[in-house]
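Q: What follows is a single structure, and I will ask about it in a moment.
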Amino acid sequence: MIVRTWHGRTRLSDGDAYEAFMKTRAAPDYNSVDGLEQLFFTRRDEDDVSHFLLITVWNSIEAVKKFAGDDPGVAKYYPEDDEFLLEKEAHSLNHQVFFSQ
């Protein structure tokens, strides 16, 4: 099992619009990939910035590659992200789960 995380930031004023975009555009894309076990989109507002942390659980690194491409450490973006994100972090983090309860 693989837990994959990605972090992005928007202006606070764009936070609600980005949240809606993530629900309507990104979530269906994630859910279309065989091997996705669970999906958490989280948001934390701090001063004038909204932080988004995406946490996905996959059944294998091969499933992550189906979503992200041959290099599963490279972050995946949508063209619309350019309208919202303050910067694009180059990488997502993939963690192998060695214990869960």
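Read the figures in this text as sums done on the coordinates, not as results from a lab. Keep in mind the model is a prediction, meaning the values are calculated, not measured. Virtual Cβ from ideal backbone geometry, glycine too; neighbours counted across all protein chains shown.
Yes or no, residue by residue, for (1) without any contact (Cβ under 8 Å) to a residue 24 or more places away in the chain; (2) over 27 Å from residue 9 (Cβ atoms); (3) aliphatic (A, V, I, L, M); (4) surrounded by 11 or more Cβ atoms within 10 Å (Cβ to Cβ):
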site: 57; (1), (2), (3), (4): no, no, yes, yes
site: 60; (1), (2), (3), (4): no, yes, no, yes
site: 65; (1), (2), (3), (4): yes, no, no, yes
site: 68; (1), (2), (3), (4): no, no, yes, yes
site: 72; (1), (2), (3), (4): no, no, no, yes
site: 79; (1), (2), (3), (4): yes, no, no, no
site: 82; (1), (2), (3), (4): yes, no, no, no
site: 93; (1), (2), (3), (4): no, no, yes, yes
site: 97; (1), (2), (3), (4): no, no, yes, no
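Q: Six or more apart or on different chains, Cβ under 7 Å: which pairs go from a residue in the range 41-54 that's surrounded by 11 or more Cβ atoms within 10 Å (Cβ to Cβ) to one that's among the small types (Gly, Ala, Ser) and part of a strand (DSSP E or B)? Could you list them?
A: 43/50; 52/8
Q: Give the range 76-100 a look and list any residue that's out of contact with any helix residue (DSSP H, G or I) (no Cβ under 8 Å at 6 or more places or on another chain), small (Gly, Ala, Ser) and under 13 Å from residue 7 (Cα atoms), or say none.
A: 90
Q: Can you list residue pairs whose Cβ atoms sit under 6 Å apart, with the first residue in the range 19-38 being within 18 Å of residue 53 (Cβ to Cβ) and the second being of a type in the set (Val, Ile, Thr)? Count only pairs 6 or more apart in sequence or on different chains.
A: From the range 19-38, the pairs are 37/57; 38/57.
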